[in-house]
Amino acid sequence: MFEDATFCEQCGAQRSRSETPAGAACPACRGALQSVVLGRTTMLECVSCDGLWVEARAFEQICADREVQAAVLQRGNHRPPAIEKRVSYRPCVRCGTMMNRVNFARLSGTILDVCRGHGTFLDQGELQAIVGFIQDGGLERARQRQIEDLKRIG
C-alpha cells in the first residue's frame with residue numbers, strides 16, 4: 001500500500017491507525033507499550049523495540065480476516081524478524097507467567113511467545129511474516145501436513 005493511500009489497492013481495505021498510551025511494559029525490552037488500532041484490530045506496540053502484544057481473539061481475527069491482514073501489511077515496518085541467538089522466555093503482559101515459544105502453524109519458521117489464555121507477543125517483523133505466510137497458502141499447507149501425519153499414524 002502506498003504511504004499516503006486511503007485504501008489498499010489489492011483488497012480495498014481502508015487504511016487506519018491510531019495510537020494511545022497503554023501503561024504496560026514490553027515483555028522483551030521492558031519499554032512502554034502503546035495501544036495501536038490497525039483496521040478493526042487493537043494491539044499493544046512497544047515504542048522501543050517495535051514488538052507487538054496481540055490479545056488471543058484479535059490474533060485469531062488477524063489470521064482469518066484479509067481486511068485486517070491488509071491493515072497489518074500496510075504498516076511501515078517490513079524488516080524481516082531478527083534471528084535470536086539466545087532463547088529467552090518472556091512474561092505474559094496480562095498475567096505475568098512465562099509464555100510458551102511456538103512455531104506458528106508448526107511449519108512457518110516464525111517462533112512466537114504465546115500465553116494460551118491471553119495472547120501472543122511478536123517481535124519486530126513477525127506479524128508481517130505470519131500474514132505473508134497465511135496469504136501464501138501456509139495455513140492450507142499446514143492442514144495438509146497434519147492430515148498426512150494423521151494418516152501415517154492411523
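The values are calculated or read from the model by the stated rules, or taken from the named source; none is laboratory data. Since this is a predicted model, take the numbers as computed values, not measurements. A quick note on method: Cβ atoms are made from the backbone with ideal geometry, for glycine too, and the neighbour counts reach across all protein chains shown. Accessible surface is based on the protein model in full, side chains and every heavy atom, while ligands, DNA and RNA are left aside. Shrake-Rupley method; radii C 1.70, N 1.55, O 1.52, S 1.80 Å.
Quick notes on this one:
- Positions within region 103-113 being farther than 16 Å from G125 by Cα and either under 13 Å from the mean Cα position of the chain (by Cα) or crowded, with 20+ Cβ neighbours inside 10 Å (or both), in sequence order: A105
- Within region 85-110, the set of residues being hydrophobic (A, V, I, L, M, F, W, C) and without any contact (Cβ under 8 Å) to a residue 12 or more places away in the chain comprises M98 only.
- Criterion (part of a loop (DSSP other than H, G, I, E, B) and modelled with pLDDT of 90 or more) met by exactly one of R143, R94, R86: R94
- Residues within region 29-61 that are touching a residue at least 40 places away in the same chain (Cβ under 8 Å), closer than 18 Å to V131 by Cβ, in a strand (DSSP E or B) and open to solvent by less than 10 Å² (accessible area, probe 1.4 Å), tallied: 3
- Among the numbered conditions (1) at pLDDT below 95; (2) open to solvent by 80 Å² or more (accessible area, probe 1.4 Å), the only one that N100 does not meet is (1).
- Qualifying residue in region 116-128 (condition: of a type in the set (A, V, I, L, M), within 18 Å of D65 (Cβ to Cβ), open to solvent by less than 40 Å² (accessible area, probe 1.4 Å) and outside any helix (DSSP H, G or I)): yes
- Here R90 meets each of (1) open to solvent by 50 Å² or more (accessible area, probe 1.4 Å); (2) touching a Pro at 6+ places or on another chain (Cβ under 9 Å); (3) among the basic types (K, R) with one exception, condition (1).
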